[in-house]
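Notes follow once the structure below has been shown.
The values are calculated or read from the model by the stated rules, or taken from the named source; none is laboratory data. Everything numeric in this text was worked out from a predicted model, so none of it was measured. Note: ideal-geometry Cβ built from the backbone for every residue, glycine included; neighbour counts use all protein chains shown. Just so you know, the surface numbers come from the protein's heavy atoms only, side chains and all, with ligands and any DNA or RNA stripped out. Shrake-Rupley method; radii C 1.70, N 1.55, O 1.52, S 1.80 Å.
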Amino acid sequence: FSSRLLVGTGKYRSNQHMIRAIEASGAEVVTVAVRRVNLDRTQEEGILYHLDPKRFFLLANTAGCYTADEAIRYARLGREAGFNEFIKLEVIGDKETLLPDTAGLLQATETLAKEGFVVMAYTNDDLITALRLQDAGAACVMPLASPIGSGLGLLNPYSIRTIKRRLTVPVLVDAGVGTASDACVTMEQGVDGILMNTAIAEAA
């Protein structure tokens, strides 16, 4: 991929706003929440109808899953529905903050990696968890800048720099990057890319 920006598909006012924003972003990788979308690509009201897999790399994610078993089930469902082997793995531990359940995340990462998935694991900004995810088979670790949807920007630059320095797999910062200036500060930590959804969707 030539773009270091990944984007999401949630929170847009309409599918038309979504596709125009994605096209304007220049992003090549677009995440889709398997649990929250109509997987029938022929239905015009559905998100997948508007996303041409020949134009965008569609990355299934397990947003909204609160246990390892649930995340594993939706990852498998996404693959059966025609997505590729890549999965953005989320196991949420708290409904208010949407912070990850790291124990469940590690369990799901190990299982899915053994099943041939390319696991991109959304996690907190903790070095030890990031190292364990790498050891469990994650192909990419995605520490948060701040809680999902908060728009607070990068709260702990030192932790992100340390994770990037210590890991050998790519590090993409996910969640809480609220502005273009936040994105610049985040990229200055040396990470491989950023995933932004809420900030773009709310601006579209």
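Selection within the range 30-52: residues that are modelled with pLDDT of 85 or more and either open to solvent by less than 10 Å² (accessible area, probe 1.4 Å) or not hydrophobic (A, V, I, L, M, F, W, C) (or both). The member of this set that is nearest to the chain's Cα centre (by Cα) is T31. Identify all residues within the range 169-204 that are among the charged types (D, E, K, R) and outside any strand (DSSP E or B); write none if there are none. Matches in the range 169-204: D182, E188, D192, E202.
Against the criterion of being open to solvent by 30 Å² or more (accessible area, probe 1.4 Å) and closer than 25 Å to G93 by Cβ, Y12 does not qualify.
Within the range 79-90, being touching a Phe, Trp or Tyr at 6+ places or on another chain (Cβ under 7 Å) and in a loop (DSSP other than H, G, I, E, B) holds for E85, E90. Just checking, does the range 67-89 include any residue being at pLDDT below 90 and farther than 24 Å from A138 by Cα? Checked against the condition, which is being at pLDDT below 90 and farther than 24 Å from A138 by Cα, the range 67-89 yields no hits at all. Of the residues making up the range 166-197, those that are among the polar types (S, T, N, Q) and over 28 Å from L131 (Cβ atoms) are T179, S181. Annotation note: of T97, T109, the sole residue that is under 18 Å from G10 (Cβ atoms), more than 13 Å from the chain's Cα centre (by Cα) and of a type outside the set (D, E, K, R) is T97.
Candidates in the range 153-177 are the residues that are under 15 Å from the mean Cα position of the chain (by Cα) and more than 24 Å from K114 (Cβ to Cβ); of these, the one that is surrounded by the fewest Cβ atoms within 10 Å (Cβ to Cβ) is G176.
Yes/no matrix, rows are residues, columns are (1) in contact with a Gly (Cβ under 9 Å, 6 or more places away or on another chain); (2) in contact (Cβ under 8 Å) with a residue 40 or more places away in the chain; (3) farther than 16 Å from R73 by Cβ:
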| residue | (1), (2), (3) |
| --- | --- |
| Q107 | no, no, no |
| E110 | yes, no, no |
| E115 | no, no, no |
| V118 | no, no, yes |
| A121 | no, no, yes |
| D125 | no, no, yes |
| L131 | no, no, yes |
| Q134 | no, no, yes |
| S146 | yes, no, yes |
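Being out of contact with any strand residue (DSSP E or B) (no Cβ under 7 Å at 6 or more places or on another chain), open to solvent by 60 Å² or more (accessible area, probe 1.4 Å) and among the hydrophobic types (A, V, I, L, M, F, W, C) holds for only one residue in A68, A81, A21, A103, and it is A103. In the set I194, I200, only one residue is in contact (Cβ under 8 Å) with a residue 60 or more places away in the chain and open to solvent by 30 Å² or more (accessible area, probe 1.4 Å); that residue is I200. Filter the range 106-120 down to residues that are part of a strand (DSSP E or B) and within 20 Å of A145 (Cα to Cα) and give me whichever is least open to solvent (accessible area, probe 1.4 Å). Checked the range 106-120; the qualifying residue least open to solvent (accessible area, probe 1.4 Å) is V119.
Taking (1) open to solvent by 40 Å² or more (accessible area, probe 1.4 Å); (2) among the hydroxyl-bearing types (S, T, Y); (3) in a helix (DSSP H, G or I) in turn, S150 satisfies each apart from (3).
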